[in-house]
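In what follows, a single structure is set out as structure tokens and then discussed.
The values are calculated or read from the model by the stated rules, or taken from the named source; none is laboratory data. Every value quoted in this text rests on a predicted model; they were computed, and no experiment measured them. Note: ideal-geometry Cβ built from the backbone for every residue, glycine included; neighbour counts use all protein chains shown. Calculation scope for accessible area: heavy atoms of the full protein, side chains included, ligands and nucleic acids excluded. Shrake-Rupley method; radii C 1.70, N 1.55, O 1.52, S 1.80 Å.
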Amino acid sequence: MFQSSISVEATLAEREMGDGHEIVPYTKSFIHITGYLMAWRLALAAITYASDANQHQYSAYLRQSNLLQRLLLSLFKLMPQTPVVNEVKLEQGGDDKLPLTMFNTPLHISPLANTTSQLLAHQACKVYYECVSRIPAAVRQWFISLDRHFQPVVDGFTTTYVSPLLINQEMSAINNSSTKFDNMTMNTMLSHRNTPLLQSLVFWKQNVDQKFEGIEECFICYYVLHGTNHQLPKLLCRTCKKKFHSACLYKWFSSSNNSTCPLCRSLF
Ligand SMILES: [Zn+2]
Ligand SMILES: [Zn+2]
């Protein structure tokens, strides 16, 4: 990887950021850069699937060796300023709301495919996306270290083309994984609470912590802590033995016009 970065950097030395000069397919430099970018995709996948301890070592190595910084600089020389894909391939995707770019369209690398000079740019976009999504802290560190002329370029490009995809990906990951927490799905909480995201997250964490301590949640709102008064479910149904927040239960009484347990319907 180290040798490879040196030769890729030599090839790209004369290029400016996003100057759009294309490297002719099947030339030595073209093949070399393709191999280099493929190797990085493998390395990034390996880091993601490694154990926690190994992940830590990998990222420490990336930091010390300066390899990631060099990769990111090369990527910004390879990616076009406007990575929009012209030919619209409807069946192959992209999100409905987002324009088709090299970030959200599939990349085909095959010895049989008709290789265009766009391939390297497309590949570079994919590698950049994987860096941002798989090792975000390392990329952020690199970003902070940039000089003030280059920083806005990286910021603008990333915000326009990468962030919307990343946000979609992360939110759907949260929604899918939160099914593990039974009825306390992140999605329900985010769409029902009128508080800033951070506050909601803190509230959600409190709920998770309480849940793991073995306290049963309220069987009306499915939270351990009540959403507004932060009380625990204290009212116990003598028949089904389920607990409810007093606020939730009184709301139920008044909306149902009688005072029966919402679960077993016995008189409270
Ligand atoms: Zn409740
Ligand atoms: Zn009951």
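Overview of values
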{"read-out": "Cβ-Cβ FRET estimate between Gln206 and Gln57, R0 fixed at 51 Å, reported to 0.05", "value": "0.95"}
{"read-out": "Under-5 Å amide H pairs with Leu235, H placed in peptide plane, nonlocal only", "value": "Phe244, Ser246"}
{"read-out": "Linear extension gain, Thr158 paired with Ile6, 0.36 nm per residue minus alpha-carbon span", "value": "52.2 nm"}
{"read-out": "Loop-located trypsin sites (Lys or Arg not before Pro) in the stretch 1-74, at most 16 other Cβ atoms within 10 Å (DSSP)", "value": "Arg15"}
{"read-out": "Sites Asn168 and Tyr222, calculated FRET efficiency, Cβ-Cβ separation with R0 22 Å, nearest 0.05", "value": "0.25"}
{"read-out": "Area of Glu22 that stays accessible when all protein chains are in place (1.4 Å probe, Å², to 10)", "value": "100"}
{"read-out": "Nitroxide proxy distance, nm - points 7 Å out along Cα→Cβ at His108 and Ser133", "value": "2.1"}
{"read-out": "Extension gain, Glu14 back to Asn66 (0.36 nm per residue minus Cα-Cα distance, nm)", "value": "16.7 nm"}
